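Sharing a structure with you now.
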Amino acid sequence: MGHYDVAIVGAGPVGSFCALAHAQRGARVALLEANLKASRRLAGEWLHPPAVDALRNAGVPLQDHPGSSVGKGFVVFPEGEERPISLPYRAGPFGLTCDHATIVSELRGAVVNEPAIDFICSARVRTVEARELTFSQQGATHALSAGRIIGADGRASVVRQSLGLPTRRMTCSRMVGVLLKGVSLPFAGYGHVILGAPGPILMYDLGGRSVRVMADVPVERWEPQNRMALLEQCYAPLLPLALREAFVEAVRERRVVVAANEIRPRTSYGTADRVLIGDAAGNYHPMTAVGLTLGFGDALALAEGGDFEAFVAGRTRATRAPELLALGLYEVFADHRAESVSLRQTVYRRWRASPAVRTRTVAMLACEDTSAGRLGVTLAGLVARAVASAIPRALGRGTFSEGKPLPLARPCGRVGSSAGAELLSARAEGSSLALPQAEGSSSEGKPLAHPRAEGSSGEGKPLAHPRAEGSSHRPSATVRALVLRLAWLARGISLLRNVRKTKDRNGEALVLAALARAFLRSMPVPRCPRDP
Ligand SMILES: Cc1cc2nc3c(=O)[nH]c(=O)nc-3n(C[C@H](O)[C@H](O)[C@H](O)COP(=O)(O)OP(=O)(O)OC[C@H]3O[C@@H](n4cnc5c(N)ncnc54)[C@H](O)[C@@H]3O)c2cc1C
């Protein structure tokens, strides 16, 4: 049986990076991978600046790869609003985008050139005990031992299972990925976040005039017969004209890849001799694109040494704000209940009014500002502002008065001709493809109503989005829901402060997990365990 300083289970991006980081600091490493083709799936392609830095320092200069593209920040297109909001990274160093399989193969290329790493391919780890593991390879079973076993084996981690930690996985939505070739985005180098469809749409350049479109489809809209019609009718009309035709064509030809978006907050990093990192420790909705950045951070912190308690404390500090931001932003941007719309509009107003808030948001998104206190205060401020602006409306003056549709319910035509849509179409060279009417018949199944067309009569019933089930659009209900959130946030922050005084890291993680769970539970979205 071979013996190593560390044995890493999983040569995905985080495991491969972890192997390099340890070997470059003098450790003898075994890296085991069950399926070399697993990286050819829809997964992380956007790297925030700290991740690009970490790769460069490890001798993987991905920014020089011809398949990569610079990532300068984000541009958000609020639903029904005319001007987009730009959230740039502070001037350099930038982030980057690169096809997921290329990121992994570049890392594995560096791994095989590193003499201190034994890269054991087609090796599926079966059992893990304190400092030993067994794996199967070509029908035979082998064993090895190591001073430390690191689980970088993703969401279905076998190392996690061996620790008896909860393994249940929650799917919050599906991500549909489409790669469009020979097109470009209105704002080169920026991630485009488009709101107004049933779930947010994220688009970014992927090198060589290719654009990746990621459409988030809530689980309750993911129906087998109507998926493609839903994409054509509810997502395509929001895209810039220059991309719309190519997107519809790709959807009709089924050139789409799908991934489940799962959420599992980090509550444990395992033990000193069986450590969990990357997605094995926890994962979030990809909208904030933090999975790789946090995973590389885990690997670096572990490789730099120090005792396990210090590692856990450091990672808890570094990850709780990005984790809460990922959970909170997805809720606020994907939920169509009145209180979330109100919060979302407050976020837009704050972003438009204050460059400092924009800078802080981007620093938090990029995992550069990881202060949970600052995030808590920012969130509390936003909720308080949303309450303050909802109260006068509750008194009958404005869009939240009873019986009127939410702004999201603006008629399709008006939104389509807004200046925002024109800006999006700035580079369009004219599209000849006739898109289906908002309420027209679908090519495969029953007609679908475009969400912006629903309730668009202006006087009829309020917009009935599936996520709005059980929530009332009465103004008093909106105010009550917002006040409840404010109270919930204040209670959470005070709990966190008390737990921090006792220096109980596990307690802190539990409070954070409870906060995250409360956030999720406040969404009346059917969440089901992952498909088998
Ligand atoms: C649709 C989508 C979009 C995303 N977009 C982004 C983004 O833009 N930016 C970002 O930062 N993050 C993004 N993420 C998240 C990101 O992809 C993950 O955080 C990242 O891939 C986690 O890497 P990992 O190495 O921890 O796990 P994985 O990538 O899951 O790798 C685990 C590896 O372990 C191997 N393995 C598993 N079990 C065993 C075993 N028993 N024995 C041996 N090997 C095993 C697997 O084959 C695999 O190679 C996205 C995720 C999704 C689903």
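State all residues of the stretch 93-136 that are among the β-branched types (Val, Ile, Thr), more than 14 Å from the ligand (Cβ to nearest atom) and in contact with a His (Cβ under 9 Å, 6 or more places away or on another chain); if no residue qualifies, say none.
Start the filter on the stretch 93-136 by keeping residues that are among the β-branched types (Val, Ile, Thr), which leaves 97, 102-104, 111-112, 117, 120, 125, 127-128, 134.
Those left that are additionally more than 14 Å from the ligand (Cβ to nearest atom): 112, 117.
Across the stretch 93-136, the qualifying residue is only Ile117.
Considering only the stretch 283-321, state which residues are within 24 Å of Glu45 (Cβ to Cβ), open to solvent by 10 Å² or more (accessible area, probe 1.4 Å) and either among the small types (Gly, Ala, Ser) or free of Cβ contacts under 8 Å to residues at least 60 places away in the same chain (or both).
Of everything in the stretch 283-321, those that are within 24 Å of Glu45 (Cβ to Cβ), open to solvent by 10 Å² or more (accessible area, probe 1.4 Å) and either among the small types (Gly, Ala, Ser) or free of Cβ contacts under 8 Å to residues at least 60 places away in the same chain (or both) turn out to be Tyr284, Ala289, Gly291, Gly297, Ala301, Arg315, Ala318.
Return the residues of the stretch 7-16 that are on the phi < 0 side of the Ramachandran plot and within 8 Å of the ligand (Cβ to nearest atom); say none if nothing qualifies.
Scanning the stretch 7-16 gives Val9, Ala11, Gly12, Pro13, Val14, Gly15, Ser16.
Looking at Ala334, Ala363, can you tell me which residue is outside the structural domain of Ala7 (by TED's automatic domain parsing), of a type in the set (A, V, I, L, M, F, W, C) and out of contact with any helix residue (DSSP H, G or I) (no Cβ under 9 Å at 6 or more places or on another chain)?
Being outside the structural domain of Ala7 (by TED's automatic domain parsing), of a type in the set (A, V, I, L, M, F, W, C) and out of contact with any helix residue (DSSP H, G or I) (no Cβ under 9 Å at 6 or more places or on another chain) holds for just one of Ala334, Ala363, which is Ala363.
Which of the residues spanning the stretch 38-51 are within 11 Å of the ligand (Cβ to nearest atom), touching a Phe, Trp or Tyr at 6+ places or on another chain (Cβ under 7 Å) and open to solvent by less than 10 Å² (accessible area, probe 1.4 Å)?
Ala51
Assuming Arg168 fulfils every condition listed in (1) surrounded by fewer than 21 Cβ atoms within 10 Å (Cβ to Cβ); (2) within 10 Å of the ligand (Cβ to nearest atom) apart from one, which condition is it?
Checking Arg168 against (1) surrounded by fewer than 21 Cβ atoms within 10 Å (Cβ to Cβ); (2) within 10 Å of the ligand (Cβ to nearest atom), the one that fails is (2).
Shifting gears a bit: State all residues of the stretch 333-364 that are in contact (Cβ under 8 Å) with a residue 40 or more places away in the chain and outside any helix (DSSP H, G or I); if no residue qualifies, say none.
Asp335, His336, Arg337
Moving on to the next point. If I ask for residues that are within 16 Å of the ligand (Cβ to nearest atom) and either closer than 17 Å to Asp335 by Cβ or among the acidic types (Asp, Glu) (or both), which ones from the stretch 203-234 would you list?
Asp205, Ala215, Asp216, Val217, Pro218, Val219, Trp222
Inspect the stretch 118-133 for any residue being assigned to a loop (DSSP other than H, G, I, E, B), open to solvent by 20 Å² or more (accessible area, probe 1.4 Å), modelled with pLDDT of 95 or more and under 26 Å from Ala11 (Cα atoms) and give the result as yes or no.
Within the stretch 118-133, one or more residues are assigned to a loop (DSSP other than H, G, I, E, B), open to solvent by 20 Å² or more (accessible area, probe 1.4 Å), modelled with pLDDT of 95 or more and under 26 Å from Ala11 (Cα atoms).
Right, here's the next one. Do we find a residue being part of a strand (DSSP E or B), more than 14 Å from the ligand (Cβ to nearest atom), farther than 23 Å from Ser157 by Cα and in the same structural domain as Gly191 (by TED's automatic domain parsing) anywhere in the stretch 79-86?
yes
Of Val14, Val70, Val76, which residue is of a type outside the set (Ser, Thr, Tyr) and part of a helix (DSSP H, G or I)?
Val14 is the lone residue from the list that is of a type outside the set (Ser, Thr, Tyr) and part of a helix (DSSP H, G or I).
Another question, then. Please enumerate the residues belonging to the stretch 21-37 that are crowded, with 18+ Cβ neighbours inside 10 Å and touching a Cys at 6+ places or on another chain (Cβ under 7 Å).
Glu33
Same structure again: What are the residues in the stretch 137-165 that are surrounded by fewer than 19 Cβ atoms within 10 Å (Cβ to Cβ), over 33 Å from the mean Cα position of the chain (by Cα) and farther than 13 Å from Val275 by Cα, if any?
Answer for the stretch 137-165, where residues must be surrounded by fewer than 19 Cβ atoms within 10 Å (Cβ to Cβ), over 33 Å from the mean Cα position of the chain (by Cα) and farther than 13 Å from Val275 by Cα: Gln137, Gln138, Gly139, Ala140, Thr141, His142, Ala143, Ser145.
The values are calculated or read from the model by the stated rules, or taken from the named source; none is laboratory data. In this text the structure is predicted, and so the values were computed from the model without any measurement. We place every Cβ from the backbone using ideal geometry, glycine too, and count neighbours over all the protein chains shown. Ligands, DNA and RNA are stripped out before the accessible areas are found, and what is left, the full protein with its side chains, is counted by its heavy atoms. Shrake-Rupley method; radii C 1.70, N 1.55, O 1.52, S 1.80 Å.
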